[in-house]
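Bear in mind that the values in this text are calculations on the coordinates, not laboratory data. This structure is a prediction, so every number in the text was calculated from the model and none was measured. Heads up, the Cβs are rebuilt from the backbone with ideal geometry, glycines too, and the neighbour counts pull from every protein chain shown.
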Amino acid sequence: MTLDFSVVADAWKSLLFGALGTLFLAFSGMVIAMVVGVTGVVILRMQMRIPSLLVTLFVEIIRNTPFLVQIFFLFFALPLAGVRLNPTVTAILALGLNGGAYAIEIIRGGVESIPKGQTEAGLALGLHKHEVFRLIVLIPALRAIYPSLASQFILLTLTTAICTSISAYELTSVGQRIEAETFRSFEVYFTLTSIYLVISLVTMWLLAALGRWAFSYPQR
Amino acid sequence: MGIQELTYLLQGLLWTLFLTVIGFVGGILFGIVVAVLRVSPSPWLRIPMICWIGVFQGTPLLMQLFVAYFGLPLLGFNFPAWAAVSVALTAHASAFLGEIWRGAIQAVPSGQSEAANALGLPGWSRMVDVVMPQAFKLSLPATVGFLVQLLKGTSLAAIVGFIELTRAGTIVSNQIYKPLLVFGVVGALYCAMCWPLSLWGRRLEQRMAAGAAK
């Protein structure tokens, strides 16, 4: 059997749009994940029993089940709850919830790394409670956890491939359509794998550069 | 959902466990090789391992499964689906475990191997008897964490058509039209396998952090 990459090369335009779809899914998912992550940590820090328990339960369930099962569950659960979303939006939501659970763990670790005396010093200086949280807890904690968040973002980008299972618009589902038309399975998946590798290497490099720029110390 | 459907899911669960064990055992065997070559002073051994790790950490596991599933037959291997999936999972695990153990080997203070050298131990004994036992202990929490990832990762074999727990869930759900119940049960079964491992991993991590603080 001979390899024939020409049919894949002919579809370069669809692949390009698919790759953009993947980046869009990853980016939107990460934005939701950050919102979920910060909200979760704020709830945990309020130290009320029932809400904290719910957040912990959410984190444990998400972290101990496969993303594929989570996305299937959401895909079938939303319509039953009366919410009709297209697959791509459902996928973004699933990515956001999944990434959010990991973000809670990461952000909590960062927040706990800030010594309590620092918060007390801020309060003693007459800063408002919210100012103390933002300036003394959140921003230094973000600086500490930026590398973990960056690698979580790469992981989320790779996870988007699974969204093909509900036919969300992204690189893998585009590839599967090309495969169905051309029957060149290996060529298609080999090309997709290479594109993912390029995406994650470039993203890794960009995130590292961004981290050096945004979190240089002392603050810009 | 009756007994029949539940039995079908449990059969899928056995395949999930089977894939996890194969991937993990294969990953341990090849991962040790990857880790040892990765810390080798020779760039001819080190650089290929850096690439191996980079490729597997930089591409989705789903793509690795697809490439193995469609690529191995092209090379003339006539593998059944489970074997192709196992090859992909083993290669995937070897890269991740190799990287975890690379970190652990390099975290063992260099004074240890220098002391072993001063005592006249040969090179392999320095690695096997002095560095590796300490590195093993250091790497245990991350290794357990990866085992959980791998167990969850086997669910992707469902997309290439292999009937493990998640695929069994899809089939049952199509039969009885109760997707929420079925995927709820499937999720609970995964949780039942992963949660104890996660707790164990966290305990190991805490114990190590307590040891480091002393």
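Evaluated with a Cβ-only charge set (Lys, Arg +1; Asp, Glu -1), chain A carries a dipole of roughly 780 debye about its Cα centre, given to the nearest 20. Counting charges near B:Lys152 (Lys, Arg +1; Asp, Glu -1) among other residues having Cβ under 14 Å from its Cβ returns a value of -1.
With each label point set 7 Å from Cα along the Cα-Cβ vector, what nm distance links A:Ile139 and A:Leu210? The modelled label-to-label distance comes out at 1.9 nm.
Normalised by the number of residues in the stretch B:3-213, the mean separation of alpha-carbon contacts (under 8 Å, six or more apart) gives a relative contact order of 29 percent.
Helical runs assigned H by DSSP (4 residues or longer) give chain B a calculated mean residue ellipticity at 222 nm of -27500 deg cm²/dmol, each run adding -39500 (n - 2.57) before division by the residue total.
Given 0.36 nm per residue, what is the gain on full extension from A:His128 to A:Thr39 after removing their alpha carbon distance, in nm? Show your work: numbers first, answer last.
Numbers: separation 89, 0.36 × 89 = 32.04 nm, distance 1.94 nm.
Gain on extension, A:His128 to A:Thr39, equals 30.1 nm.
Legend: calculated FRET efficiency, A:Leu85 to B:Gln11, from the Cβ-Cβ distance at R0 = 25 Å, rounded to 0.05, equals 0.15. The count of lysine pairs in the protein assembly as shown that are at least 8 places apart or cross chains, and whose C-alpha atoms lie under 30 Å apart, stands at 5.
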